[in-house]
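Report on the structure given below.
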Amino acid sequence: MSHLEQSRHLATTIPGPKSQALIDRKAAAVSRGVGTTMPVYAIRAGGGIVEDVDGNRLIDLGSGIAVTTIGNASPLVVDAVAAQAANFTHTCFMVTPYEGYVAVCEQLNRLTPVAGDKRSALFNSGSEAVENAVKIARSYTHKPAVVAFDHAYHGRTNLTMALTAKVMPYKHGFGPFAPEIYRAPLSYPFRDAEFGKEMATDGELAAKRAIDVIDKQIGADNLAAVLIEPIQGEGGFIVPADGFLPALLAWCRANDVVFIADEVQTGFARTGAMFACEHEGIDPDLIITAKGIADGMPLSAVTGRAEIMNAPHVSGLGGTYGGNPVACAAALATIETIESQGMVARAQQIEALMKDRLGRWQAEDDRIGDVRGRGAMIAMELVKAGTTEPDADLTKALCAGAHAAGVIVLTCGTYGNVLRFLPPLTISDELLVEALDVLELILRDL
């Protein structure tokens, strides 16, 4: 458990004077293009709490966007980072390699639900891993095109902006984008209900809709890869209907198309399984991981079938900082913590608690259109009362109220109307219940 007192406490209004001074310094020093969600500056964090410079303790339902899955300043990670930093912080794995990189790849090969002989490669960010997965797929298939999906989010670099669906704030004014990127319709059960119950509940039918688009607009002979988040993150925590992912995978296998699962936000126990693909029993050709992999240290990876991962020529993959030794030490400690402390089961407990509570709200409040998600990756989609029309204003107001009351929550979704919950798996039931109590009061007041 964290050294930090695990209770919500407001010593000042939000933001307090010290945070406000830092907000002013940021405005004078940092590009305005870098936005912030909360008007507070953190000084310590651990368990389910973030403490700011004014002494306010906030309940954390964001985990730094699904990064600090095992809680901030997790003891094994802190010790591993300190020990590695004392030995060396960098040599570049491509110059004088080190065991930590190899050990992380061994663990990824052991843990990821890819069938058969596997290989991995390490990078710095989710975006960088996505780009490299595309490079690997193109190298293996000798084909150019890549399909991504409606509502997808895959990053902020040029190629990953092309793969990302939402224009604001991610793409507006930053083009032109990389070519040979195409988009297919996702299975989005809540929205697909508008096309009839069958489309909303039958994943195979939704997959047929997507495959028809792919066949007509791109053609399998031109397609290197299909790239998909097993549960969409920024797009709205959308869980596809059962059967959608297996049907897509079967089509990819039949047509020599690489199936890439982007598990950047869903990986490492977040969804109540080590990886979200396990819920549907699928084994992708490549899996992309980042975020929760190293508890806050910058690291990402691509893991996949050996014959695909080995397709690029020697030195075709890499980067100066890829698989940094300190980040690798953090990753090994993170994986050990997840496994030794039963974090997968803890995510399942969080899901049960949250879905029970949010489900009761939904039954009483017709502004809650949908409650969905898996594990500690849960969302509530807000609509105008009695309709399916997205209510971004209500979502924004609910978030602002939560922030003022000392609860860190995030929004997402193409329409800006989804409240997403990503608590660290180390949060106590008491803190989680208190955060939900706060949100319920605010929602009633609104």
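If I require 20 Å or longer along the helix axis, counting alpha carbons, and a Kyte-Doolittle average no lower than -0.5, what helices from the chain are left? Use full DSSP H segments.
Once both thresholds are applied, what remains is 126-141, 203-217, 325-340, 429-445.
Please compute the contact order of region 337-431 in relative form: average sequence separation of alpha-carbon pairs under 8 Å and at least six residues apart, divided by the residue count, as a percent.
That works out to 23 percent.
Rounding to the nearest 20 debye, state how big the charge dipole of region 77-340 is about its Cα centre with +1 on each Lys and Arg Cβ and -1 on each Asp and Glu Cβ.
640
For Arg32, Arg110, which order do you get if you count the other beta carbons within 10 Å of each Cβ and list the fewest first?
Arg32, Arg110
What's the lysine pair count for region 77-340 at a Cα cut-off below 30 Å, pairs eight or more apart or interchain?
The result is 25.
Determine the relative contact order of the chain: mean sequence separation of Cα pairs under 8 Å and six or more apart, normalised by residue count, in whole percent.
Here the relative contact order equals 22 percent.
Could you state the orientation-averaged shadow area of the convex hull built on the Cα atoms of region 174-244, in nm² to one decimal?
5.7
Placing +1 at every Lys and Arg Cβ and -1 at every Asp and Glu Cβ, with all other atoms neutral, what dipole size does the chain have around its Cα centre, in debye to the nearest 20?
1000
Tell me, what does the Kirkwood hydrodynamic radius of region 77-340 come to in angstroms if you use every pair of distinct C-alpha atoms?
Result for region 77-340, one decimal place: 18.7 Å.
Along the charge dipole of the chain, Cβ charges K/R +1 and D/E -1, which of Trp361, Ala86, Gly319 sits furthest on the positive end?
It is Gly319.
Evaluate the charge dipole of region 160-260 about its Cα centre and quote only its size in Debye, nearest 20, assuming +1 on the Cβ of each Lys and Arg and -1 on the Cβ of each Asp and Glu.
That gives a dipole near 280 debye.
Please list, by residue number, every one of the trypsin sites (Lys or Arg not before Pro) in region 336-444 that is coil in DSSP and has at most 15 other beta-carbon atoms within 10 Å.
For trypsin sites (Lys or Arg not before Pro) across region 336-444 that sit outside H, G, I, E and B with at most 15 neighbouring Cβ atoms in 10 Å, the list reads Lys384.
No value in this document is a laboratory result; all are computed from the given coordinates. None of these values were measured; they are calculated from a predicted model. When we count neighbours, we look across all protein chains shown, and the Cβ atoms used for this are built from the backbone with ideal geometry, even at glycine.
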